[in-house]
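Here's the structure, in C-alpha cells; my notes come after.
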Amino acid sequence: MMKSSLLSEVVHVMNPRALPKLAALTCDIEPDFGGRTGTLELLEDPTPAAGLLQWCKTQDIPLTGFVVTELLAKNLPGIRSFREQGTELHPHAHTHDTRRYRTRSAEEIGRAQETWAKVFGTPALGYRAPQGVVLPGDPEALAAHGYQFDASVFPTQRFGVFDYRSLPLTPWLWESGIWEIPFAATTKRSRLTLSTLKLYGQHFWEGKIATLPPIVVIDMHLHDIVLPASTRKLPLLPRLAYARNRANGYVLLAWLTEELKRQGYQFTTMERIAAMLREMP
Ligand SMILES: [Zn+2]
C-alpha cells in the first residue's frame with residue numbers, strides 16, 4: 001500500500017480562507033464498476049447518461065466528466081451523449097486496468113493524453129487516476145505530458161488502496177507545476193462521494209457538510225444512479241454495498257447539491273476551478 005511520500009512533492013497549499021466556496025459535480029465515465037464486471041452496459045444504453053445530463057440541466061448544475069480514453073474509439077451511445085451536450089471532459093486514465101495501474105501509471109498518463117489529442121485535436125487539461133491512486137513521480141509525468149491539473153486525490157484512507165490522510169484538504173501545487181484539486185473530505189477525513197452518501201445515508205452526512213473545505217469536488221459514477229444487470233457478477237460485499245439506497249441516487253444527489261447551495265457553494269466545472277487557482281496570488 002502507498003504511504004504518502006507524495007507529501008514531499010507538495011510545494012504550495014491554498015489557504016482555505018483565501019478561497020471562495022465552489023463545488024464541482026464530477027462523473028467518472030468508465031466500464032461498469034470500473035471494469036470489475038467486464039461489461040459496458042451503462043454506456044451502451046444511452047439512457048443513464050442522458051438522464052444525468054437532463055437532471056443537471058434542470059438543477060442548473062454544470063457537470064465535469066472524466067472518461068477512460070480507450071473507450072473513445074468505441075463510439076458508445078452514452079459517451080456520445082456527453083460529447084453532444086458539450087460536457088467538459090478530461091481523461092480518466094487510458095485503460096482503467098486497476099490490477100496493473102500501479103506499475104504503469106506514467107505510461108497511462110501519456111497514452112491518455114496522446115489519445116485525447118488524436119480524438120479532440122487539443123491536449124487535455126485535467127487528469128483523474130483510477131481508484132484515486134497517485135504515485136510519487138505521477139505529478140511529474142502529468143507535467144511532462146502537458147496536463148495542467150490533477151483531480152485524483154482523496155485526502156483520506158481507503159484500506160488496501162491508499163492512505164493520503166497527510167495530504168491537504170484544499171488544492172495544492174505539486175513541485176512539477178501541476179495543481180491538485182482533491183476530492184471532498186471532511187476535517188475528520190471522511191470521503192464524501194455519491195457512493196458513500198448512498199452507503200452511509202443522509203442522516204450520517206447531515207452535520208458533516210458544514211465541515212467540508214471551500215472547494216468541494218463530488219465524485220459519482222453512472223452506477224450510483226442506475227444499477228446495470230451485471231451487478232450480479234460482483235462479489236457479495238460490493239453487491240450489498242451498492243444495494244443500499246439503490247433507488248435513491250437522484251434523491252440523495254439532489255439533497256447534497258441543495259445542501260451545498262444552501263451553505264453558500266456555487267457550482268462550477270473543474271476547468272474553471274483550475275483557472276481560478278492559476279490566477280490566485
Ligand atoms: Zn474510475
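Read the figures in this text as sums done on the coordinates, not as results from a lab. Remember, predicted model here, so these are calculated numbers, not experimental data. FYI the Cβ positions are ideal-geometry reconstructions off the backbone, even for glycines, and counts take in every protein chain you see.
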- Task: Compute the separation of the alpha-carbon centres of segment 53-94 and segment 167-215 and state it in Å as a whole number.
- Result: 23 Å
- Note on the structure: A correct Kirkwood calculation over the Cα atoms of the chain returns a hydrodynamic radius in Å of 18.9 Å
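Please compare each pair in Lys57/Lys208; Lys21/Lys57; Lys21/Lys233; Lys188/Lys261 to a cut-off of 32 Å on the Cα-Cα distance and tell me which ones are over it. Each step should come with its number before you reach the end.
Working: Lys57/Lys208 27 Å; Lys21/Lys57 21 Å; Lys21/Lys233 40 Å; Lys188/Lys261 22 Å.
Pairs exceeding the cut-off: Lys21/Lys233.
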- With unit charges on the beta carbon (Lys/Arg positive, Asp/Glu negative), name the residue among Pro182, Ile79, Trp116 whose Cα is farthest towards the positive pole of the charge dipole of the chain. Pro182
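Report the calculated FRET efficiency for Gln54 and Asn75 (r = Cβ-Cβ distance, R0 = 30 Å), to the nearest 0.05. Please report the intermediate quantities before stating the final value.
Working: r = 22 Å, r/R0 = 0.72.
Efficiency at R0 = 30 Å is approximately 0.90.
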